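Visitor: What follows is a structure written as structure tokens; I'll ask about it next.
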Amino acid sequence: MSGSCRNGSRFNRFRRCSRKTQLIDQSKSGPVVIEIPGILGEIVEKRLATIEEAKKKRPESEMRLIAENASVPLSLQRTIASKSGISLIAEMKRSSPSAGSLDPTLDPAHRAGLYCNAGAAAISVLTEQDYFSGSIDDLAAVSVIARASRVPVLRKDFIVDEYQIHEARAAGADCILLIIACLDPKQYADLFNLSTSMGMDVLVEVFDEPELDIALSEVEPHIVGINNRNLKTLETSLAVFETLAKKIPDDRIKVAESGMKNSGDVERMGYAGAKAVLVGESLMKAGTDVSELAQAMAAVEVG
């Protein structure tokens, strides 16, 4: 399978080969093939196609203009740093490859109100449509509610194109996620710098030491997330954060992502160095107990 990206993207071709997505970076020094295996590669491949469809509906120049006139972003970094305990980044999503269907009738605005009232420091919104059933409209709806409570909103997606950053800002996102596993170092730096130049904080996500080396060497991220879930296999272990967090400088905000089911797990991550936790699946599965669970997680403090 192959496709072509227009509008000047450096990452303008992709193909599938032996269940791997090959992202071809047409840099000045020549094409560089980046292989992304497993489900992550499938998601990125699909995402590249949907980005091109979005550009046809609303050109990047128009999206950039809307972004430039959006409200000043709230700071995720300052929000987390100002909290004495562990900050909860509460996530919403209708489905995921690892959990299947979670809440197909999700009302993003209502959910945002629950999270804000429960004491969440920030809200993460999945905007990927094919594997997580999200949309940029979800983020826009959440932003209206969250901003009234001065709660930053994170765009959680597989960001591989500048268009997505302008789109995020235009919809009211205060910060974005960049996943090292689906970016080459140069593109990571370019997307990071674009986001920060627009006033948005960046949560940089890694899973292992090689990814962490890239995250810390290309730019100087203030917020580093360690995903306890391997995006290539979907296996999850809290030990991933406990091991890797030791290698992150203490002056950075460390965020534990995935795998936390209760306040005890949040506390465990706190003792391993987490200043914040990003929790989605457990909150989405909590049903009518979601507010109680979110409140318990948001109230965790460690010595």
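Visitor: Scan segment 221-239 for residues that are part of a strand (DSSP E or B) and either under 12 Å from Ala274 (Cα atoms) or out of contact with any Gly (no Cβ under 6 Å at 6 or more places or on another chain) (or both) and jot them down.
Guide: Within segment 221-239, Ile223, Val224, Gly225, Ile226, Asn227, Arg229 meet the criteria.
Visitor: Next question. If I filter segment 243-259 for residues that are outside any strand (DSSP E or B), surrounded by 15 or more Cβ atoms within 10 Å (Cβ to Cβ) and either in the same structural domain as Ile39 (by TED's automatic domain parsing) or out of contact with any strand residue (DSSP E or B) (no Cβ under 6 Å at 6 or more places or on another chain) (or both), do I get at least one hit?
Guide: No - not one qualifying residue is present in segment 243-259.
Visitor: So how many residues does segment 69-85 have that are among the aliphatic types (A, V, I, L, M), out of contact with any Ser or Thr (no Cβ under 8 Å at 6 or more places or on another chain) and over 9 Å from Arg169 (Cα atoms)?
Guide: Adding up the residues that qualify gives 4.
Visitor: Which residue pairs have Cβ atoms closer than 6 Å, lie 6 or more positions apart in sequence or on different chains, and pair a first residue in segment 159-181 that is outside the structural domain of Arg58 (by TED's automatic domain parsing) with a second residue that is of a type in the set (Lys, Arg) and not in a helix (DSSP H, G or I)?
Guide: From segment 159-181, the pairs are Ala168/Arg155; Ala173/Arg155; Ile176/Arg155; Leu177/Lys156.
Visitor: Look through Glu211, Glu242 and report the one residue that is modelled with pLDDT of 95 or more and touching a Gly at 6+ places or on another chain (Cβ under 9 Å).
Guide: After applying the criteria, what remains is Glu242.
Visitor: Looking only at segment 80-94, which residues are crowded, with 17+ Cβ neighbours inside 10 Å and among the basic types (Lys, Arg)?
Guide: Result: Lys93, Arg94.
Visitor: Look through segment 221-241, keep the residues that are among the hydrophobic types (A, V, I, L, M, F, W, C) and free of Cβ contacts under 8 Å to residues at least 40 places away in the same chain, and return whichever of them is surrounded by the most Cβ atoms within 10 Å (Cβ to Cβ).
Guide: Ile226
Visitor: Here is a follow-up. Within the set of pairs 6+ apart or on separate chains, which have a first residue in segment 70-93 that is closer than 25 Å to His110 by Cβ, a second that is surrounded by fewer than 17 Cβ atoms within 10 Å (Cβ to Cβ), and C-beta atoms under 6 Å apart?
Guide: Pro73/Gly199
Visitor: List the number of the failed condition for Leu126; all other conditions in (1) farther than 22 Å from Ala276 by Cβ; (2) touching a Lys or Arg at 6+ places or on another chain (Cβ under 6 Å) hold.
Guide: Just one mismatch for Leu126, condition (1).
Visitor: Could you list, in sequence order, the residues of segment 137-152 that are farther than 14 Å from Leu106 by Cα and β-branched (Val, Ile, Thr)?
Guide: Correct list: Val144, Ile145, Val151.
Visitor: Return the only residue of Glu52, Glu60 being charged (D, E, K, R) and touching a helix residue (DSSP H, G or I) at 6+ places or on another chain (Cβ under 8 Å).
Guide: Result of the check over Glu52, Glu60: Glu60.
Visitor: Could you grab me the full set of residues in segment 47-87 that are in contact with a strand residue (DSSP E or B) (Cβ under 9 Å, 6 or more places away or on another chain) and in a helix (DSSP H, G or I)?
Guide: Leu48, Ala49, Glu52, Leu76, Gln77, Arg78, Thr79, Ile80, Ala81
The values are calculated or read from the model by the stated rules, or taken from the named source; none is laboratory data. This is a predicted model, so every value here is computed, not measured. Please note: Cβ atoms are built from the backbone with ideal geometry, for glycine as well, and neighbour counts cover all protein chains shown.
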